[in-house]
Each structure stands twice: as C-alpha cells, then as structure tokens.
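Structure, as structure tokens:
Every read-out reported here was derived from the displayed coordinates using simple, explicitly stated rules and does not represent laboratory data. In this text, all values refer to a predicted model and were calculated from it rather than measured experimentally. We place every Cβ from the backbone using ideal geometry, glycine too, and count neighbours over all the protein chains shown.
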Amino acid sequence: MQQPRSVAPAAGRLGVLLPGMGAVATTLMAGVMLVRRGLAEPIGSVTQLGTIRLGKRTDARAPRIASFLPLASLDSLVFGGWDLFADDAYESAVHAKVLDREHLDPIRDELQAIAPMTAVFDPRYVKRLCGTHVKEGSTKADLMEQVRADIRSFAERNDCARLVAVWCGSTEIYEEASHVHESIESFERGLANNDPAISNSQIYGWACLLEGVPFANGSPNLIVDFPAAQQLAARRHVPIAGKDFKTGQTLMKTIVAPGLKARMLGVRGWFSTNILGNRDGEVLDDAESFKAKEVTKRGVLDYILQPKTYPTLYGDLYHKVRIEYYPPRGDAKEGWDNIDLIGWLGYPMQMKIDFLCRDSILAAPVVLDLILLLDFAARAGFHGIQEWLSFFFKCPMTAPELYPEHDLFIQLMKLKNTMRWAMGADPVTHLGHEYYD
Ligand SMILES: NC(=O)c1ccc[n+]([C@@H]2O[C@H](COP(=O)([O-])OP(=O)(O)OC[C@H]3O[C@@H](n4cnc5c(N)ncnc54)[C@H](O)[C@@H]3O)[C@@H](O)[C@H]2O)c1
C-alpha cells in the first residue's frame, strides 16, 4: 500500500473561468446546471459516471471516481468567462444551437446571469471574427494586468475559495514558440513591447498563471506549451494541461489505431474529412487557423503507429486531414474516415467510419472532467504539466524529452493509476499472476 498524498479538502466555491463563451463553454455550463437540478445525466463524464477498480479483481471494489477522489461537487461550481461578443450565456447558447429550448428554458435565468467580461482580442490572431466587447490597453502587459484584475474581482464577487480556467476560445492562427517564449523575462519584455508573437490566448494564460489559477488549453493554440509558461507554472506551483480537446474524429482515431497496431495490421492510407457548420468551423475555414488544427490532428497516428519501429506496416502511411465549413450542419458534425489496411501477405482491405457526432456534446463532459481534475491536482500539490490528463487531449503536453502518449487505453490506465497513486492505493498492472500462483 502506498502513502496517500495529502489533498486539501474541496471546501468552498470553485470559480470556473472560461475564456471564450461559445458553443462548448455554454453547453458545459447548461449541462452542469441541468445535472444539478436532476434534469439530465452527465453522460460522457469520466469523473461523474466512471468507476475505479481498487485491489484485486476478486476484491470486488470499484467505487465511483467521484466518491474515491475528493472532487469539488457540481453544486460548488460558479461560472464566469470572457468573450468579444457581449451575449450572456443564454443568448450565446441559443446562437450556438447545440441545445434545444427544452433544455435551455428551465435554466434561462441562471444562464442569463452569466455575462462575459470584455475580451483581449486582436483580430490578427483569429481572422474570421470581429467583436466590439473588447478591452483597450496601450500594451499587451496592460491588457494582461486587466485580465488579472478580472480574475481577482470575479473571485471576490463570487466568494470563490479556488479557481480553475479552461480555454474554450477560438482557434488562433498557427504559431510556433519563438525567442519571446523562451524565458519568463523574455515573455515579460514581449508583453511590454507588444511583441506580435504573443497572441490573445497567451495573455489570458499568463494572467492565470500569475494568479495561481490552474489552466487547461482546449484549443490547438500555443498558450502554455512553451518554456516561459512552464517556468512560470513551476515558479507559481500551478498545474497546466493541454492541448486541444479530444472529441470526435481524433477520439475515434485513438480508439481504432491502437487496435489495428495491437494486431499488427498495416495501414497504407488514412483519409479523414469533416464537415461542420458552427462558429468553430467558420474560424477553421481560415487557412492559418486550420493549420493549427491540422498539426494537432495529424500527430496522433505517427505516435500511435510508430512507422520507424514498424516500417513494413506503417512506413508508407499517407495521412490526410481535411475540415470543411458547411453551415447547414451547425454543431452536428460529420467525420468520415477511410482507412486503407493491409493484412496477411499484403492483401488490401478497407474500413470506413462515418461518425455523425455533435461537437460540443462530446466536448462539454471533457471540460467538466478537466475542471474537476485540475482542481484536484492543485489541492494534491501537483504542478506543471499534468501528463496524466493526456486522455482528454488531441495533442498531450509532455516534458520536452518525452514523446506524447496518444493511445486512449494507455492514457486511461495512466489516468486511473495516477488517481490510485494520489490516494495511496496500489496501481493496477493487469499482470494477474496472483490469481493462479
Ligand atoms: N467542440 C469540439 O468538439 C472541440 C474539440 C476540440 C477543440 N475545440 C476547440 O474549443 C474551442 C471552442 O470551440 P467552440 O465550438 O465552442 O467554438 P465557438 O466559436 O462556438 O466559441 C469560441 C468563442 O471564443 C470567443 N473568442 C475568440 N477569441 C477570444 C478571445 N481572445 N477572448 C475571449 N473570447 C474569444 C469567440 O467569440 C467565441 O464565442 C475552439 O478553439 C475549438 O477548436 C472544440
């Protein structure tokens, strides 16, 4: 038996700050409100519905994760956020057209009470949007201080004992870390000098880290995955996680690809295309924002299939990913995959997956789990990159010398073993020899 870590109790209210109050954020808020009132089930949430086996299979001990970990209760969550559109959470949810009026009307007042704070927004980083509910400031350092002030006044107004932030804002143009991202000092100089390499989302991320707010990045943006942010997270003892919620097509890819590889079946080609018509789709219609998404979506197969280790099976793999903006579909995305397989003696086969999914319905429970687990991480004294939360991301953040683990089932084992380890329970190895000795 391990020693349990000491985990501070989840006392008081947990403030949930969401930069970007669009489809995903409002579907999350509405869902939590409905679940709290007993009007819906939190389907898709690992923390709310999942169980965790403890001890041997013969022990028959598998409590709910929510009762095994001292997680914040849904009743203790209080939501806030920022957006460049002034719509309150109800108007924004109606605009997003994810949830029906049947679900929105019972919680209309509660949603209407959540008005976005003004955004840090320069359209250079998101070409397709133009909003007026934005902050003014002479420098990026000034804007960042305004976000810090927002965070503090939100916590005070709502009597929050703790805070967590999850980036639910739009995908920005593709950007790689540059000299300004190298150290805390260079980033702070960049903020003061309005360095163009510092994007909108990085300003929020930096403000959260300075305020000691655990931060998860649900988009492909470069927000906390560069050395300066990681140094600041270490200095402030803040847990960080990212990036890009693993939801529709990539979720399926990380379920199917490990299975094919486990059976040593080859893959010659994998063509993935999506049609979607929500605001996210509109933003991704811009080539520079699509590039950011393409990078997080494409990395998955290389890491799972390991073409260098298995050149016969995956050395020639052609992987193509497309996203098409198609307004009639709204949030009801369709993700097609055509997989060209190779079997025994090189004989070809094909597999087609047509996932008629709903983007924000898949994303909302992921956001809820991240909120609760990041808050748990902070109370358990974890800080820096939370690799155990890779399960929730398309492009998991890792230490620089490590490759990311993309296989959903390895990620799940890592997630649950970290929970066991944190609570002083033995990890489950699945060795199983003890039943036969
Ligand atoms: N829905 C999914 O399944 C899914 C999966 C993976 C990642 N994501 C990512 O999650 C994010 C949100 O997706 P969505 O479907 O809710 O998109 P959305 O367009 O409905 O919402 C994004 C919101 O962010 C706001 N925004 C943009 N820049 C901002 C800024 N600087 N400050 C404050 N607000 C800002 C926009 O005005 C918009 O309301 C996107 O980056 C998307 O790529 C979504």
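Key figures
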| quantity | calculated |
| --- | --- |
| Gyration tensor (Cα) of segment 60-196, equivalent ellipsoid semi-axes in angstrom | 31, 23, 17 |
| Convex hull per residue volume in Å³, alpha carbons only, for segment 188-243 | 71 Å³ |
| Among the listed pairs Lys297/Lys416; Lys243/Lys297; Lys97/Lys297; Lys97/Lys135, those beyond 18 Å (Cα-Cα) | Lys297/Lys416; Lys97/Lys297; Lys97/Lys135 |
| Spherically averaged projected area in nm², based on the convex hull that wraps the Cα atoms of segment 37-118 | 7.3 nm² |
| Candidate aspartates and glutamates for bridging to Lys308, where Cα separation is under 12 Å - those fewer than 8 sequence places away on the same chain excluded | Asp316 |
| Mean-position separation - Cα centroids, segment 40-96 and segment 345-366, in angstrom | 24 Å |
| Diffusion constant of the chain at 20 °C, which comes from Stokes-Einstein with the Kirkwood Cα-pair radius and 1.002 mPa s, µm²/s | 95 µm²/s |
| Cβ-Cβ FRET estimate between Tyr310 and Ala62, R0 fixed at 30 Å, reported to 0.05 | 0.30 |
| Extension gain (nm, one decimal) between Ser138 and Arg235, 0.36 nm per residue minus Cα-Cα | 32.2 nm |
| Burial ranking of peptide ranges 131-144, 385-398, 250-263 (average Cβ count within 10 Å, highest at the top) | 385-398, 250-263, 131-144 |
| Under 14 Å from the Cα of Lys352 - aspartates and glutamates, other chains or at least 8 residues apart | Glu334, Asp337, Asp340 |
| Between segment 211-263 and segment 156-191, the Cα center-to-center distance that results, in Å | 14 Å |
| Convex hull per residue volume in Å³, alpha carbons only, for segment 295-437 | 195 Å³ |
| Cα-based Kirkwood hydrodynamic radius, segment 9-62, one decimal, Å | 14.0 Å |
| Cα-based Rg / Dmax (Å) for segment 194-338 | 17.8, 52 |
| Convex hull per residue volume in Å³, alpha carbons only, for segment 302-355 | 102 Å³ |
| For segment 153-215, alpha-carbon Rg and Dmax in angstrom | 13.6, 39 |
